[in-house]
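J.: This is the structure I want to talk about, given as structure tokens.
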Amino acid sequence: MELAFNPLIAFLWSVFAGFLMAMGAGGGGILAGIGHISILGIGDPNMIKVVNQILELTSRLFSVPLYLQQKRLVWSLAFSFGIGAPLGAIAGSWISSVFLADMSTYRLVFGLLVLLVAGRTLYEAMVKPTQRGDRLQKAFDVSECVQRERADNPHAQPTAPRMSRFGLLRTHVRIGAESFEFNPLAAAAGGFAISFVGAMLGVGGGFLVTPFMASILLFPMFFVVGTALMALMIPLMASVFTYLLLSVNVDWVLVAIEVPGIVVGSIIGPMVNQRINERYLRLFVAFVLVCIGVYYLT
């Protein structure tokens, strides 16, 4: 059987995409999308969306347990986000299958959104924490402190974040000696909006949920990464099933070639992530997103 794409390129590109997906700073689903559009030459936007999200879901099945082992998941935050996320994913998938079925329109919307997210990510990387407020400074300091402690003593038993008080309008989470709070209703609303956009573009939403949890809800980036990956698993499943119910065509041979590459990249990602400085991670993601956004707009 003659394939319409190069299987080796598809596998290697999916390794890179899986690595970025598992790093949790966003951009992995977008990277998978650019591979499908411009490297493998897939011309069906709806198929690109559903295959991207199948790969994103696969990545999380392998990377989330590694973050769980490292005790980097904030369960109360992930659960609150997940309340609104499935509804957003279903609505975004249905609307996208109808109104973003044309490749030229899809590329334009894709590029504009990516540039907006890249600008926000770059801002977070370049502006010093002391210029962003006390709460964000505290989140930054906790990330830096935990990373230093784990680097100095990698065999030490880490302390997992735990919910100290629950409320519909204010929930408190204890991370070491510091306490962080968030509004569960705001997290659920963010889950709906982010999952809607992610499903509409077929990119998972990791590039939005990570800045949302780190820059708006003000949680330490070190714990946001795994939490964001976990929070998106249910809306990803909801979006994939919605596209399949809408009878979107899927190249299952392509999926079978790319999934192993995603698995390899997703195992490597969490191991590298805990050793990378938060600022450098943001700069890397911003660079990737700017390049992709400019590419699609030009």
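Values in this text are rule-based calculations from the coordinates and carry no lab data. In this text, all values refer to a predicted model and were calculated from it rather than measured experimentally. Note that we place each Cβ from the backbone using ideal geometry, even for glycine, and neighbour counts take in every protein chain shown.
J.: Shape verdict for the stretch 158-279, please, from the Cα gyration tensor: rounded (a/c under 1.5), prolate (a/b greater than b/c) or oblate.
T.: oblate
J.: Here is a follow-up. Using a Förster distance of 25 Å, how high is the FRET efficiency between PHE287 and ASP141, based on the Cβ-Cβ distance and rounded to 0.05?
T.: For R0 = 25 Å, the calculated efficiency reads 0.50.
J.: Only four residue types carry charge here, +1 at the Cβ of Lys and Arg and -1 at the Cβ of Asp and Glu. Report the dipole size of the chain about the Cα centre in Debye, rounded to the nearest 20.
T.: So the dipole magnitude of the chain works out to roughly 860 debye.
J.: Calculate, for PHE166 and LYS71, the FRET efficiency according to 1/(1 + (r/R0)^6) with r their C-beta to C-beta distance and R0 25 Å; round to the nearest 0.05.
T.: Once rounded, the FRET efficiency stands at 0.80.
J.: Helix by helix, which DSSP H runs in the chain go 20 Å or more along their axis at the Cα atoms and have an average Kyte-Doolittle hydropathy of 1.0 or more?
T.: Long hydrophobic helices here: 7-23, 75-99, 103-126, 184-201, 252-273, 278-297.
J.: In percent, what relative contact order does the chain have, based on Cα pairs under 8 Å that are 6 or more apart in sequence?
T.: Relative contact order of the chain: 41 percent.
J.: Rounded, prolate or oblate: which one fits the stretch 1-100, using the alpha carbon gyration tensor with axes a ≥ b ≥ c (rounded when a/c is under 1.5, else prolate when a/b beats b/c, else oblate)?
T.: oblate
J.: According to a simple spin-label model (label point 7 Å from Cα along Cα-to-Cβ), what is the distance in nm between TYR123 and GLU181?
T.: My value for the distance between the label points is 2.6 nm.
J.: Can you give the extra length, in nm with one decimal, that the chain gains between PHE99 and ILE39 once fully stretched, where that is 0.36 nm per residue apart less the Cα-Cα distance?
T.: 19.2 nm
J.: Okay, next question. Counting only Cα, what are the radius of gyration and maximum Cα-Cα distance Dmax of the chain, in Å?
T.: Looking at the chain, its Cα Rg and Dmax stand at 18.4, 60 Å.
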